[in-house]
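The values are calculated or read from the model by the stated rules, or taken from the named source; none is laboratory data. Owing to the predicted nature of the structure, the values given are computational and were not obtained by experimental measurement. Ideal geometry is used to build each Cβ from the backbone, glycine not excepted, and the neighbour counts take in all protein chains shown.
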Amino acid sequence: MSCKRKEKAAVVSQEQIARDIYSMWIRTEEIAGLAVPGQFISMYTEDRSKLLPRPISLCEIDREQKLLRVVYRVTGKGTGTEQFSRLRPGDSVEILGPLGNGFLLEPGTGKKVFLIGGGIGVPPMLELAKQLDAEKQLVMGYRDEQFLTEEFQKNGSLFIATEDGSAGTPGNVMDAIAANGLDAEVIYACGPAPMLRAVKQYAEENHIVCYVSMEERMACGVGACLACICRTPEIDEHSQVHNKRVCKDGPVFLSTEVEI
């Protein structure tokens, strides 16, 4: 049975932490108490011309204070994310959540693990890093400007890759793993499809259990519209084709369950 809720959340704080990247803390009535690492919320704008909400991954969860942190990228003028960036403390925003499934902590507990994030797939790895009791190697990939690095350093060993070579290993997350001679027993990853494809291949070649959080454009966020499907080896019971719904069946999958 779904535990998702729709409610008005109060904005507690908002700040820009990198170019086009914003961090917002919101106070909820119930959603923060239900959420787990890897889930997301749908956020609604006040602009009624934008009927569909925007799916935003959860970066941090404070159950005691009923707080959620979302770190998101503003994708252009007039967009829903640009409207969110104008919210200030005391404002409210309508949200639905928690949505999707989260990362399973048990497979990585007590193990040597990779937590791999790329681009806007970096933020959801923070709460996982905080909750996972393991030997954590945090491998984060950025185009250029980094964010959340101080928080990651408090929760594991941080390795950075940048496409422009301005910090850490020049290149991508797989280059950082190779350059630092890293290895792991379990992998958790979130990021763009090319990164996940490379991580999935690495996991298969090295016989490592791997969980991937898929990034797809979503419409309804609850599995009804089939707008965010991904290819799978098995036939989905809902659609009767080789697809799964990222918002409902995911966003977290075993890498062997999906074709990337």
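Go through (1) under 30 Å from Ser255 (Cα atoms); (2) part of a strand (DSSP E or B) for Ala10 and report which single condition fails.
(1)
What's the total number of residues in the range 35-61 that are surrounded by fewer than 17 Cβ atoms within 10 Å (Cβ to Cβ) and either modelled with pLDDT of 95 or more or of a type in the set (S, T, N, Q) (or both)?
Residues meeting the conditions: 1.
Quickly run through the range 198-218 and pick out the residues that are at pLDDT 95 or above, out of contact with any strand residue (DSSP E or B) (no Cβ under 6 Å at 6 or more places or on another chain) and not small (Gly, Ala, Ser).
Residues satisfying the conditions are Lys200, Gln201, Tyr202, Glu204, Glu205, Asn206, His207.
Check whether at least one residue in the range 144-153 is within 14 Å of Ala189 (Cα to Cα) and touching a helix residue (DSSP H, G or I) at 6+ places or on another chain (Cβ under 7 Å), and report yes or no.
Scanning the range 144-153, I find no residue that is within 14 Å of Ala189 (Cα to Cα) and touching a helix residue (DSSP H, G or I) at 6+ places or on another chain (Cβ under 7 Å), so the answer is no.
Considering only the range 129-191, give the strands (runs of 3 or more DSSP E) lying wholly within it that have at least 1 residues that are of a type in the set (Lys, Arg) and closer than 25 Å to Gly102 by Cβ.
Strands (runs of 3 or more DSSP E) meeting the threshold: 135-142.
If you take the residues of the range 152-171 that are crowded, with 19+ Cβ neighbours inside 10 Å and of a type outside the set (A, V, I, L, M), which of them is nearest to Glu204 (Cα to Cα)?
Among those that are crowded, with 19+ Cβ neighbours inside 10 Å and of a type outside the set (A, V, I, L, M), it is Phe159.
Out of everything in the range 62-73 that is crowded, with 20+ Cβ neighbours inside 10 Å and of a type outside the set (A, V, I, L, M, F, W, C), what residue ends up being nearest to Phe152 (Cα to Cα)?
Result: Arg69.
Would the range 93-100 turn up any residue that is crowded, with 24+ Cβ neighbours inside 10 Å and either part of a loop (DSSP other than H, G, I, E, B) or among the hydroxyl-bearing types (Ser, Thr, Tyr) (or both)?
Taking every residue of the range 93-100 in turn, at least one turns out to be crowded, with 24+ Cβ neighbours inside 10 Å and either part of a loop (DSSP other than H, G, I, E, B) or among the hydroxyl-bearing types (Ser, Thr, Tyr) (or both).
Working only within the range 122-145, note down all residues that are of a type in the set (Gly, Ala, Ser) and either over 21 Å from Asn172 (Cα atoms) or in contact (Cβ under 8 Å) with a residue 60 or more places away in the chain (or both).
Within the range 122-145, just Ala134 meets the criteria.
For the range 94-109, state whether one or more residues are touching a Lys or Arg at 6+ places or on another chain (Cβ under 8 Å) and under 26 Å from Ala178 (Cβ atoms).
no
Is it fair to say Gly76 is surrounded by fewer than 20 Cβ atoms within 10 Å (Cβ to Cβ), at positive phi and not hydroxyl-bearing (Ser, Thr, Tyr)?
yes
Can you find, within the range 66-82, the residue that is nearest to Asp47 (Cα to Cα) among those that are polar (S, T, N, Q) and in a loop (DSSP other than H, G, I, E, B)?
The extreme case among them is Thr79.
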